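The values are calculated or read from the model by the stated rules, or taken from the named source; none is laboratory data. Here the structure is a predicted model, which means the values were calculated and not measured. Because the Cβ atoms are built from the backbone with ideal geometry, glycine has one as well, and the counts that use them run over all protein chains shown. To get the accessible areas, we keep the full protein, side chains included, count just its heavy atoms, and leave off ligands, DNA and RNA. Shrake-Rupley method; radii C 1.70, N 1.55, O 1.52, S 1.80 Å.
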Amino acid sequence: QILRHRARRQTMPWSLEMFPVATCRGPLCVGGGLAEGSAVEVLAGHEDAWTLSLGHLWALAEVVILQILGTLVLAIVAGVSYAVKYFSGAGEWTQRVIIGASGIASLLAPMVVIERVGLTSKMARFQLSIFAILAFFRLVELLRSCGPKGFNMSARNFVIYCAASPEVMFDKEGQLVKVPPGKLVGIIYELCWNSILILLCLSIGRATNYAPLLTVEDPLALPLFGFPYALPSSWLQAASVYLMLYTSFTGQRLLIGMGGFDSAELMRNPLLRSTSVRDFWGRRWNLLIHSLMKRIFFKPLASGSRAKRHAGALAAFAASGLFHEYMWLVLSWESLGDSYWPGGPSLFFLVQFLLAACEASLEQTALGRMLAAMPSPVQTLCTTLAILPFGPAFLSGLRGMFLDNVAVLPTIGSAPHPRAFFAVSLRGGQAWMPMLLVLILATASFCATSRTSPKASPSEDGNDNRLKGG
């Protein structure tokens, strides 16, 4: 209202003249008297302007639609598979063939959707690949009866377990756990907080093209994967993956909680609280996949000697590498040259297994005790320096999605931007101020998240010191 009042009193367009270093430009300022036109037209010739982009609204809606349809398809597949397993009277081999074919079909479905329908964003492809992987592994659990206690106690239990991307929780009797009072408030807080964090992280990625301190965009083209210069870009990309997954699954946990059921958290602040490689993979990073790999691959092989435990861990890490190869393939489908390095994720997880095995071997030595006695921030730094040098082998397949997310999701950055909603043009030597503000806010937010994140207990989820990977 103030802007319109000022515009009526002036013969020239209003332009925030009361601020000595800023000029308001863009669609938001049209009501203040600026010339009509799209953001790109208004911002032409103003490369020093900073813009707030609201993202590609249709691409965001596409992801939501895929989430709804994917959940419905998973529920149908789960119901049919459960009926085949327990009500059809079919022989064991017939059950394996039908349920196995359903699992394979779930892996092929994303390619068919991409070719037949076409998708606006790579984020939608990523969502499809997650659905396919979860459907496949949960059908494997159904065939082998190796899921959490109670997951196959009834058709209702299995349909809810399979259709929910976050892992719903069961009590000791195998019944679905009701969401505790007040937990939804905490989930809403996490969702809002992480939405701000992902805005800041994407804004830094937009400003640096996700390659800070690098002269080339792809560290794979450099010796030693660009080490040590690629460490900032690898950490930024890992933070983007963490925030994207955590925010998405937190939103789904909110919906599950509104339905009355409790679900397990996906992450426990792995980037800022991990004290070892095994702590990172076993107690903090993507606990949904950790639980699946542990039940399907580790436990069947790990009972007994240390050699068997190492074999189980190797199987879990190898399976992690293979299904990430599949996910990167879906992301690059119809454009296989799009930064995806076949074999890169498998190599990365093989190295992680070796690091975890070496760490376990050193645990009872003087060196291991010395490392365990170090302050937690030093342990986190050592863990980061152990994992991230090999990060480009894993993250290169996601680079196309990172750059796509900058255009699809809301960001703050320099103009021009094809979807800018609001812009402030800074004069003189002030153009660095918004990025400094973004960096300060991002650092403060990550530190605050580190302080409020719950600590991982050695006894949580039944984990012990023999496995922290997969």
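Quick grid of which residues meet (1) under 21 Å from Pro110 (Cβ atoms); (2) open to solvent by 10 Å² or more (accessible area, probe 1.4 Å); (3) among the aromatic types (Phe, Trp, Tyr):
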{"site": "Ser274", "(1), (2), (3)": "no, no, no"}
{"site": "Arg284", "(1), (2), (3)": "no, yes, no"}
{"site": "Ser291", "(1), (2), (3)": "no, yes, no"}
{"site": "Lys294", "(1), (2), (3)": "no, yes, no"}
{"site": "Ser305", "(1), (2), (3)": "no, yes, no"}
{"site": "Leu314", "(1), (2), (3)": "no, yes, no"}
{"site": "Gly343", "(1), (2), (3)": "yes, yes, no"}
{"site": "Leu354", "(1), (2), (3)": "no, yes, no"}
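Looking only at region 94-113, filter to residues that are touching a residue at least 12 places away in the same chain (Cβ under 8 Å) and of a type in the set (Gly, Ala, Ser); which one of those is surrounded by the fewest Cβ atoms within 10 Å (Cβ to Cβ)? Within region 94-113, the match that is surrounded by the fewest Cβ atoms within 10 Å (Cβ to Cβ) is Gly100.
Going by what's in this entry, would Leu128 be described as part of a helix (DSSP H, G or I), open to solvent by 40 Å² or more (accessible area, probe 1.4 Å) and either in contact (Cβ under 8 Å) with a residue 60 or more places away in the chain or aliphatic (A, V, I, L, M) (or both)? No: the conditions fail for Leu128.
The set of residues in region 215-262 that are polar (S, T, N, Q) and within 19 Å of Ser195 (Cα to Cα) comprises Gln237, Ser240, Thr247, Ser248, Thr250, Gln252. Residue under question is Lys122, and the condition is that it be touching an Asp or Glu at 6+ places or on another chain (Cβ under 8 Å) and crowded, with 18+ Cβ neighbours inside 10 Å; does it hold? So Lys122 passes the test. Would you say Val80 is in a helix (DSSP H, G or I), crowded, with 17+ Cβ neighbours inside 10 Å and among the hydrophobic types (A, V, I, L, M, F, W, C)? For Val80, the condition - in a helix (DSSP H, G or I), crowded, with 17+ Cβ neighbours inside 10 Å and among the hydrophobic types (A, V, I, L, M, F, W, C) - is not met. Being over 26 Å from Phe402 (Cα atoms), of a type in the set (D, E, K, R) and assigned to a helix (DSSP H, G or I) is the requirement here; does Glu115 meet it? Taking the combined requirement at face value, the residue does not satisfy it.
Within region 161-199, if we keep just the residues that are part of a loop (DSSP other than H, G, I, E, B) and open to solvent by 70 Å² or more (accessible area, probe 1.4 Å), the residue that is nearest to Val406 (Cα to Cα) turns out to be Met169. Would you check if there is a residue in region 235-244 being farther than 30 Å from Ala372 by Cβ and either in a loop (DSSP other than H, G, I, E, B) or out of contact with any Asp or Glu (no Cβ under 6 Å at 6 or more places or on another chain) (or both)? Taking every residue of region 235-244 in turn, at least one turns out to be farther than 30 Å from Ala372 by Cβ and either in a loop (DSSP other than H, G, I, E, B) or out of contact with any Asp or Glu (no Cβ under 6 Å at 6 or more places or on another chain) (or both). Looking at Leu301, Leu272, Leu329, Leu288, just one residue is in contact with a Lys or Arg (Cβ under 8 Å, 6 or more places away or on another chain), of a type in the set (A, V, I, L, M, F, W, C) and farther than 18 Å from Cys358 by Cα, and that residue is Leu301. As for region 226-233, it holds at least one residue that is on the phi > 0 side of the Ramachandran plot and either among the acidic types (Asp, Glu) or surrounded by 23 or more Cβ atoms within 10 Å (Cβ to Cβ) (or both).
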